[in-house]
Structure formats: structure tokens, C-alpha cells
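The next block holds one structure in the form of C-alpha cells; read it before the comments.
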Amino acid sequence: EGLGVGVPTGINTKKIAGASVRDDGRAPGGRIVFADGGELPAEIVVFSAGIRPNDGVARAAGLEIAARGGVVVDQHCRTPGDVSIFAIGECAAWMGRTYGLVAPGYKMAEIAAKQILEGHSDELGHFDMSSKLKLLGVDVASFGDAFGLEAGAHTLCLVDSVQGVYKKLVVSADKERLLGGILVGDAAAYSQLLAMVQTRMKLPAQPEELILPPRSGKSGGLGPDALPAEAMVCSCNNVTKGVICDAI
């Protein structure tokens, strides 16, 4: 909102009314009517409805397609109609859903490669939906159980309206493990925090230190020396299981 973007929440759109759409896509005099009776003038309305799988080749080949598009795959990324054909990434539909994030794509690629080369029995299971983005110049990240859905979970929050920073950590009921979190305005600690979730690393005695600004003479976070041996540091800008990746 500080960047001049209005963010209405807790409302439902009832209809888009009062205008005819021109050839250029604009609708002069248009408005969005909300369920509570409120209105918002709008010449252009953009629907953000996720991804549309590019499954034309699969359709032409007669492969099974999910209800909302995407090549249907089993737990090994194979297409049910022909087990010699694999599909991964945004064109694949696993359990009726397509995924537009890089981490699920990496996992699919790993499962498919192992199946092809070794006949490995690894299965897809559930995907890690953690992601780090830059929205209108603002760093935003979400990882693990960001909304504290696990029973008995506790929450630590830092709200800095001066610097425009919001950080939330969700810890387990026994206060031993980091479950997830949300970072807005400062996502520098994203890689370390995600690694802690993935490796089930024990929390430090004062977990609030993970999100507090660094004090004089101390750096923020735990530092790479505190991470478990299975956490690997690399120089890319994406994260997959067991790998910490920092943007360069």
C-alpha cells in the first residue's frame, strides 16, 4: 500500500458492470460491484488464474488430460496411457493439479530421471511450495507451514513499519523445530530458514534471533557453519530438497 497499490481484503466480487468492452480490451465507465454493495471503478480487469498447461502434443497423441488441462502422470511421472512416456513441470498434472513453481519441477525431474535410469521406486508425494519472489521491488518469501496448520504450533512475528519489514516464523508445539514462515521486505534469511525446515534442524535457544535485525558486532541468522552436514550451499536462485541456494 505504501507503493500506491490498493489492497482490498475480505471482499467478494459480485459482478463487473456498467460498460461495454472495446476492441482494445478497455471498458470505459466500467466498475466492479462487490457483494457488500461497494464498488470500484475499473477500465481494465485482470484475472490472475494460475497457469495454462501447454499440453497440445499430449492431446494430439491421445494421452490422458486432466480436467483443467495438463498431462496426467502417476507417482513416477509416467503417463498412464503409455508408461514409456514421462511428463514433468508445468505441463504435467499430478493428482488433478498443475504446479507453476520450480521446486515441484525439480522434484518431478529427479523422480523421472531415477525411474528411467535405475527403475527407482521414489514417488512424488507432496510438493514443497516454498518460494521467493520480488513483487514491485519488494522481496517476498513463504516456506514450509507458513500458516501454522500443524496442531499446537507457535508463532513469532516481527513487524517493522519504519523499514517496511514483516517476518513470521512458525515453530512446532514442543518449540524444538521450525515449521515455516513468511518474509516481506527482507528475505535475506530465506535460504537458511528453508534449510532448517527441510532438515528438521533443532531451533536455537532464542529462535527470535533468526528474524531480529543483526546487533552490533553480530551477523544475522545462524551462519552456514551452524547448518547440518546434509545442507549444501550452491550459487543459483532456486531451492530444492536438501539444497540451499542464494541469488547471485
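Per-structure values
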{"read-out": "All positions within region 92-111 that are more than 17 Å from the chain's Cα centre (by Cα) and surrounded by fewer than 20 Cβ atoms within 10 Å (Cβ to Cβ)", "value": "M95, G96, A109, E110"}
{"read-out": "Region 154-173 - residue that is open to solvent by less than 30 Å² (accessible area, probe 1.4 Å) and either part of a loop (DSSP other than H, G, I, E, B) or in contact with an Asp or Glu (Cβ under 9 Å, 6 or more places away or on another chain) (or both) and, of those, farthest from L212 (Cα to Cα)", "value": "S172"}
{"read-out": "Residue that is nearest to V73 (Cα to Cα) [pool: residues in region 120-134 that are assigned to a strand (DSSP E or B) and of a type outside the set (K, R)]", "value": "S131"}
{"read-out": "So V184, is it out of contact with any Leu (no Cβ under 8 Å at 6 or more places or on another chain) and under 24 Å from A103 (Cβ atoms)", "value": "yes"}
{"read-out": "Residue in region 45-54 that is among the aliphatic types (A, V, I, L, M), within 31 Å of the chain's Cα centre (by Cα), modelled with pLDDT under 90 and open to solvent by 100 Å² or more (accessible area, probe 1.4 Å) present", "value": "yes"}
{"read-out": "First in region 79-99 and free of Cβ contacts under 8 Å to residues at least 24 places away in the same chain, second anywhere and among the hydrophobic types (A, V, I, L, M, F, W, C) and part of a helix (DSSP H, G or I), Cβ under 8 Å, 6 or more apart", "value": "T79/A58; G89/M108; G89/A109"}
{"read-out": "Criterion (within 20 Å of the chain's Cα centre (by Cα) and open to solvent by 50 Å² or more (accessible area, probe 1.4 Å)) met by exactly one of L124, L135, L117", "value": "L135"}
{"read-out": "Output for region 68-91, where each listed residue is assigned to a loop (DSSP other than H, G, I, E, B), under 15 Å from G50 (Cα atoms) and open to solvent by 30 Å² or more (accessible area, probe 1.4 Å)", "value": "R68"}
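The values are calculated or read from the model by the stated rules, or taken from the named source; none is laboratory data. Since the structure is predicted, the reported quantities are computational estimates derived from the model, not experimental observations. Ideal geometry is used to build each Cβ from the backbone, glycine not excepted, and the neighbour counts take in all protein chains shown. Note: accessible area is taken over every heavy atom of the protein model, side chains too, but ligands, DNA and RNA are not part of it. Shrake-Rupley method; radii C 1.70, N 1.55, O 1.52, S 1.80 Å.
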